[in-house]
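The values are calculated or read from the model by the stated rules, or taken from the named source; none is laboratory data. All values derive from a computational prediction rather than experimental measurement. All Cβ positions, glycine included, derive from the backbone under ideal geometry; neighbour counts span all protein chains shown. Just so you know, the surface numbers come from the protein's heavy atoms only, side chains and all, with ligands and any DNA or RNA stripped out. Shrake-Rupley method; radii C 1.70, N 1.55, O 1.52, S 1.80 Å.
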Amino acid sequence: MANARHEEQRLTLKAWDRAIVRGAAVDGAVKLDVSQSWQRCLDARLSPDLPRAPIALDAAALHARRELPWFRLAQTVLAPHIEAVAGCGHVLTLFDADGCMLSSAGAPGTLEMLRDIQFMPGANWRESVAGTNGPGTALALRRPIHVIGAEHFCEAWHGWHCAAVPLFDPFSRELVGALDISGDQRTAHPYVLSLATALARSIEQAMLLEA
């Protein structure tokens with residue numbers, strides 16, 4: 001499986017180079033959700049050389065958004081799972097509907113390395129700001145997505161994979177945020193998106209019961 005994943009990433013990187021660096025048409029070498037996201041990023045004239053996501057929330061704004069009822073409930077639901085996520089080298093994060101990260105927890109070494117690209121609370125990972133990425137693209141599509149390595153629009157994110165799932169208010173179906181599990185792209189596995197989806201559904205179920 002590792003060899004197949006390596007070959008898939010090699011082909012994806014070639015497609016990324018053709019489309020993003022050389023300006024050729026986005027082709028079918030990558031999955032449709034990714035190629036369409038790349039095209040949105042190109043149309044918006046985003047730079048693939050972005051070194052880190054921008055900080056959008058200061059301490060006061062971050063604190064205020066963490067007081068939202070759905071977020072406090074989500075934190076309670078996720079707390080028992082953080083150790084397991086950390087144990088496999090990953091981090092578990094929550095975002096608001098604007099793509100701003102509200103919390104991150106998990107493997108200390110991974111958390112520290114991700115700070116280099118400002119994958120951290122307060123940063124804006126909306127697709128229109130940070131290019132194709134798990135949480136930003138899940139919010140844009142309003143459905144789960146797993147973005148792996150060179151599927152990211154920005155080269156600085158290529159070392160990572162992000163399995164993200166949007167979160168909806170169970171009554172109004174309003175988009176309230178997203179849950180994401182991220183780690184080294186070499187550890188990407190379909191199970192990660194399945195886990196993220198299960199945790200997101202648990203949060204929505206808790207919101208339903210809390211009402």
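Quick rundown of the values:
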read-out: Set T197, T187: member being among the hydroxyl-bearing types (S, T, Y) and modelled with pLDDT of 95 or more; value: T197
read-out: Search result, residues across region 39-67 that are without any contact (Cβ under 8 Å) to a residue 40 or more places away in the chain and in a loop (DSSP other than H, G, I, E, B); value: R45, R66, E67
read-out: Qualifying residue in region 76-92 (condition: among the polar types (S, T, N, Q), at pLDDT 95 or above and open to solvent by less than 80 Å² (accessible area, probe 1.4 Å)); value: no
read-out: Near pairs, Cβ below 8 angstrom, 6+ apart or cross-chain, from region 74-86 (closer than 15 Å to A198 by Cβ) to any residue that is small (G, A, S) and in a helix (DSSP H, G or I); value: A74/A206; V77/S202; V77/A206
read-out: Matching entry among L62, L68, L46, L73 (being aliphatic (A, V, I, L, M), under 20 Å from D98 (Cα atoms) and in contact with a Pro (Cβ under 8 Å, 6 or more places away or on another chain)); value: L62
read-out: Any hit, region 137-155, residues being among the acidic types (D, E) and touching a helix residue (DSSP H, G or I) at 6+ places or on another chain (Cβ under 7 Å); value: yes
read-out: Which numbered condition G99 fails, given (1) out of contact with any Gly (no Cβ under 7 Å at 6 or more places or on another chain); (2) under 27 Å from F168 (Cβ atoms); (3) among the small types (G, A, S); value: (1)
read-out: Those residues of region 128-162 which are closer than 12 Å to C41 by Cβ and either surrounded by fewer than 24 Cβ atoms within 10 Å (Cβ to Cβ) or among the hydroxyl-bearing types (S, T, Y) (or both), in sequence order; value: S128, V129, T132, T137, A140, C154
read-out: Residue list for region 16-35, filter: more than 12 Å from G149 (Cβ to Cβ) and part of a helix (DSSP H, G or I); value: D17, R18, A19, I20, V21, L32, D33, S35
read-out: Test: residue in region 194-201 that is within 12 Å of V77 (Cα to Cα), of a type in the set (K, R) and open to solvent by 40 Å² or more (accessible area, probe 1.4 Å); value: yes
read-out: Residue list for region 1-15, filter: open to solvent by 50 Å² or more (accessible area, probe 1.4 Å) and either assigned to a loop (DSSP other than H, G, I, E, B) or hydroxyl-bearing (S, T, Y) (or both); value: M1
read-out: Scope region 37-58; condition under 26 Å from L92 (Cα atoms), out of contact with any strand residue (DSSP E or B) (no Cβ under 6 Å at 6 or more places or on another chain) and open to solvent by less than 80 Å² (accessible area, probe 1.4 Å); matching residues; value: S37, W38, C41, P48, L50, P51
